[in-house]
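Visitor: This is the structure I have questions about; it appears just below.
The values are calculated or read from the model by the stated rules, or taken from the named source; none is laboratory data. These figures come from a predicted structure and were not determined experimentally. As a convention, Cβ positions derive from the backbone with ideal geometry for all residues, glycine included, and neighbour counts pool all protein chains shown. Note: accessible area is taken over every heavy atom of the protein model, side chains too, but ligands, DNA and RNA are not part of it. Shrake-Rupley method; radii C 1.70, N 1.55, O 1.52, S 1.80 Å.
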Amino acid sequence: LLDDPPLLLLDEAFSGLDSLVLHRLRQDLGLRLAGGAGVVLASHRLEDFVGLATHVVVLQAGRVARVGLTEDVLAGADTAEGLAELLEGPA
């Protein structure tokens, strides 16, 4: 992160971080995104990318189950039923 790369590929970047470091990393990524950098973030937790990501791809069993704008893909995921439908995907 020190070299200010134009593209970051991050796998589970927020995993195992304490609250202060997590907050600082989210701030840093937000600034980089605002400055035009690209960030690809892989995570098992929705809360890791909410507020940062403009687009989301949901994978299930190694296949793309959902793809689109974050707000469109996550629409309805604010309830247990909606979240289960998002994560289980279409049959």
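Visitor: Run the paramagnetic zone check for Glu81: 7 angstrom along Cα to Cβ, then residues of segment 25-66 with backbone nitrogen under 19 Å.
Guide: Nothing falls inside the zone, counting backbone N under 19 Å.
Visitor: For Arg32, what charge total do you get from the other residues with a beta carbon under 13 Å from its beta carbon, if Lys and Arg give +1 and Asp and Glu give -1?
Guide: -1
Visitor: Now for a separate question. Quick one: which residues, 5 or more positions from Leu8 or on another chain, have an amide H under 5 Å from its amide H? H modelled 1.01 Å from N in the peptide plane, none for Pro or chain starts.
Guide: Gly38, Val39, Val40
Visitor: Please get the size of the charge dipole for the chain, origin at its Cα centre, with Cβ charges of +1 on Lys and Arg and -1 on Asp and Glu, quoted in debye to the nearest 20.
Guide: 180
Visitor: Now a separate question. What percent does the relative contact order of segment 1-48 come to when contacts are Cα pairs within less than 8 Å and at least six residues apart?
Guide: Worked out over segment 1-48, it gives 58 percent.
Visitor: Moving on to the next point. Measure off 7 Å from each Cα along the Cα-to-Cβ vector at Asp18 and His44, then give the distance between these two points in nanometres to one decimal.
Guide: 2.4
Visitor: Here's something else I'd like to know. Rank these residues by their accessible area, most exposed first, probe 1.4 Å: Arg45, Arg32, Arg66.
Guide: Arg45, Arg66, Arg32
Visitor: Which one, Val40, Thr79, Gly51, is farthest towards the positive end of the dipole of the chain when Lys and Arg carry +1 and Asp and Glu -1 on their Cβ?
Guide: In the chain, that residue is Val40.
Visitor: Just for the chain, what percent of DSSP beta bridges are antiparallel, to the closest 5? Could the numbers behind the result be given before it?
Guide: Numbers: 6 of 11 bridges.
Approximately 55 percent, going by the DSSP bridge assignments.
Visitor: Please give the calculated 222 nm ellipticity per residue for the chain, where each DSSP H segment of at least 4 residues contributes -39500 (n - 2.57) and the sum is spread over every residue; nearest 500 deg cm²/dmol?
Guide: -9000 deg cm²/dmol
Visitor: What accessible area per residue comes out for segment 35-91, rounded to a whole number of Å², with a 1.4 Å probe?
Guide: Value for segment 35-91: 68 Å² per residue.
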